[in-house]
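Just so you know, all these numbers are worked out from the coordinates, no wet-lab data involved. Because the structure is a prediction, the values reported are computed rather than measured. Cβ coordinates were reconstructed from backbone atoms using ideal geometry, including for glycine residues, and neighbour counts include every protein chain displayed.
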């Protein structure tokens, strides 16, 4: 590559803030990424280099579309470009708006999403191959140092894992990419062309096998011996990631012909590897004790001590350094994002589609949800006006709705009232109840363009069902976060956060290990084994008996059940977009991008994966939103001019107070829900009105737009910036090549 010297051969300089492992591990962090060979002759120095790799490579709670760092941070379930490309949120992403504004690769106008670091290739710390070079530098330095072989193995096992992890994040978007397995000199000879996807998968799997073998003596007996090493990767972490990689390799995205040998090989490997993963101390959190209303399911996301579910995890803390914010201060920002505005958060609203698709209490999809035609629907009547009635136990840990208790802890720094005097205290959060209904103040008729409305308890524009998943709920876990509404919590990412949380981020948890195995088992003809795994997942959630599962030897029916279970189990964890891409759920893969060969057709899946599964293609659909409004028929004596324009004049609250009534106590998930939900439903019937609102975009004439994910998006092309820095790098089929006058690319990600 003519311009690749600074790309592949740049000397690593500067510090990288560590984001991993225990507080002790965080405190060990030093800047080792600009050191010479001598550092590798000392265990402390060499370990410092490995610690630095954690800082470069660990996932973080951030958007996938964070400018310049897309390659580093996989989506974690927020409304980013990935989240908005699924059922979970409304609002078109760049991926779904293909009709009006298709992404481009040879211009900077509506540029294709960049997970290659093209915008930051001059900054080695922000370029993906800068991270790879850093890892290669550590591997070569440790191998060439004078440590004992045992010490080398312990450190190299971690380095090989992170090289595989970094390449996996590239391959899932682009197919084949350049494989660079050594530190390259800054010369034209540094040019490295794209390898085939098959070669990349083999390289990743080889690195993960090396990692697992090297780490075996240190982690095979329940994990790392020292509690201070909790959070480091293990043999089980490497093999679990290998399972995810093999599942991707077997899926229709890379296996259009449904090669049976590939599937059989993956199944046998993953089944064998499970014993090692288990031996490293991993398992389903709370298995055998689901708790009350899936409290074990909720608690695993807030367990910062050793957690069997956390196979690949980023740890955080609640440390505070008011004098300058030390490097070891690292907080999880998720709680800040999901909490409503009247507690200092942002508040994310779920789409109507996502709320409506969760199973009923019998484990089957509502009769109104027909995306999976091969799965049986529930006989329980579902009324989307009262979506909280008779649902899967995980529903109540995934969503928050008006009238539900959602307590939080104050750590001596004040409460939400300090942010706005109109906010009710709720005992400083200890008895917080979400009341997020709305009322309009400039007209009774809901206009889809009318945003002039107030929210109860000063929660503006969040009148539907909110995301609650992964919350540090005080009623579940009282020890992992503090609330600091005065902004004195911690500096994280350049700003103070009111929720100072130590909740871990589980990028890969044990439930995924099992569901990945279930997927390849199903494809290998072992549907009975797949259903056994599904039952384990549901028993942990609180189901009993057959868990609502209808066993079938039909492969497509079984796979539909697996994909549906993943959709529920991993909701708002950033996994759905990857599942939709690898199963081509937008259009079934029947339409080819321009220039693609016929081998891209999913011939092994009947020519269309959606048809094979019985899944309704996502293309052509819309996701809408909804809210709850005050029912003016019952509070009509409170006029528009006063009640609807005053924060202190919630018309419903005023009406209830004047009649010596109050809103009901918040639905308490620590108790049986049956009567509580019936009482809440009665309250809704009388005082709240369910109102649908547009979610996805409309055209300028207010006509509706529909989802349109283009076929070329299954494999992305390189941006103009990537191509300009890497002349000679082949462009992906279906995308214009900036280095070739805009002609279509020729690199086939499926060619071997």
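Find how much the distance from residue 690 to residue 380 grows on full extension, using 0.36 nm per residue of separation minus their present alpha carbon separation; answer in nm with one decimal.
Working: separation 310, 0.36 × 310 = 111.60 nm, distance 2.03 nm.
Length difference between fully extended and current span is 109.6 nm.
Could you check what % of the DSSP bridge pairs in the chain are antiparallel, to the nearest 5? Intermediate values should be presented prior to the final figure.
Numbers: 29 of 37 bridges.
In the chain, DSSP labels about 80 percent of beta bridges as antiparallel.
Simple spin-label model, 7 Å along Cα-to-Cβ: residue 264 to residue 479 in nm?
So the two model labels end up 5.0 nm from each other.
Zone of residue 99 (label point 7 Å along Cα→Cβ, backbone N under 17 Å): which residues in the stretch 594-621?
Under 17 Å, as judged by backbone N against the label point of residue 99, lie 617-621 of the stretch 594-621.
Per-residue counts of other Cβ atoms within 10 Å, averaged by peptide: what ranking do you get for 227-233, 44-50, 686-692, highest first?
On the way: 227-233: 20.7, 44-50: 19.1, 686-692: 17.0.
In decreasing order of mean packing, 227-233, 44-50, 686-692 become 227-233, 44-50, 686-692.
By average Cβ neighbour count within 10 Å, what is the ranking of 151-159, 627-635 from highest down? Before the final figure, lay out each step's value.
On the way: 151-159: 22.8, 627-635: 19.0.
Packing order, densest peptide first, comes out as 151-159, 627-635.
Eigenvalues of the Cα gyration tensor times 5, then square-rooted: what semi-axes does that give for the chain, in whole angstrom, largest first?
Numbers: eigenvalues 352, 183, 142 Å².
Ellipsoid half-lengths, sorted descending, are 42, 30, 27 Å.
Would you kindly state how much longer the chain becomes between residue 199 and residue 287 on full extension, computed as 0.36 nm times their sequence separation minus their alpha carbon distance, in nm to one decimal? Provide the component values of the computation, followed by the final result.
On the way: separation 88, 0.36 × 88 = 31.68 nm, distance 3.84 nm.
This chain segment gains 27.8 nm when fully extended.
Using only alpha carbon pairs under 8 Å that are at least six residues apart, calculate the relative contact order of the chain and give it in whole percent.
Working: 1623 pairs, mean separation 138.3, N = 752.
Relative contact order here is 18 percent.
Normalised by the residues of the stretch 165-270, what does the relative contact order come to in percent, with Cα pairs under 8 Å and at least six apart? Mind dumping the intermediate values first?
Numbers: 90 pairs, mean separation 22.2, N = 106.
About 21 percent, as a whole number.
Gap in Å between the Cα centre of the stretch 274-315 and the Cα centre of the stretch 103-176?
Taking the Cα centre of the stretch 274-315 as reference, the centre of the stretch 103-176 is 29 Å away.
Under a crude label model (7 Å from the Cα following the beta-carbon direction), how far is residue 591 from residue 346 in nanometres?
Spacing of the two 7 Å Cα→Cβ label points: 3.1 nm.
Taking the Cα centroid of the stretch 498-548 and of the stretch 347-362, what is the distance between the two, rounded to the nearest whole Å?
Each part's Cα centre sits 19 Å from the other's.
Using r as the Cβ-Cβ distance of residue 431 and residue 108, and R0 as 45 Å, what FRET efficiency do you calculate, to the nearest 0.05? Write down the numbers at each step before the final one.
Numbers: r = 52 Å, r/R0 = 1.15.
After rounding, the FRET efficiency stands at 0.30.
Any idea how far apart residue 123 and residue 150 come out in nm if each label point goes 7 Å out from Cα toward Cβ?
4.3 nm
Rounded to the nearest angstrom and ordered from largest down, what semi-axes does the equivalent ellipsoid of the stretch 710-752 get from its C-alpha gyration tensor (root of 5λ)? Don't skip to the end; give the middle numbers.
On the way: eigenvalues 55, 25, 17 Å².
Result for the stretch 710-752: semi-axes of 17, 11, 9 Å.
Once the piece of chain linking residue 656 and residue 221 is laid out straight, how much longer is it, given 0.36 nm per residue of separation minus the C-alpha distance between them?
Details: separation 435, 0.36 × 435 = 156.60 nm, distance 6.04 nm.
Extending this stretch completely gives an extra 150.6 nm.
Taking the highest mean first, how do the peptides 696-709, 539-552 order by number of other beta carbon atoms within 10 angstrom per residue?
Values: 696-709: 13.4, 539-552: 17.6.
For the peptides 696-709, 539-552, the packing ranking is 539-552, 696-709.
Taking 8 Å as the Cα distance limit and 6 or more residues as the minimum spacing, I'd like the relative contact order of the stretch 276-371 as a percentage.
Working: 73 pairs, mean separation 12.5, N = 96.
RCO, the stretch 276-371: 13 percent.
With each run of n ≥ 4 DSSP H residues scored as -39500 (n - 2.57), what mean residue ellipticity at 222 nm is computed for the chain after dividing by its residue count and rounding to the nearest 500 deg cm²/dmol?
On the way: 21 runs with 233 residues, N = 752.
Computed ellipticity for the chain at 222 nm equals -9500 deg cm²/dmol.
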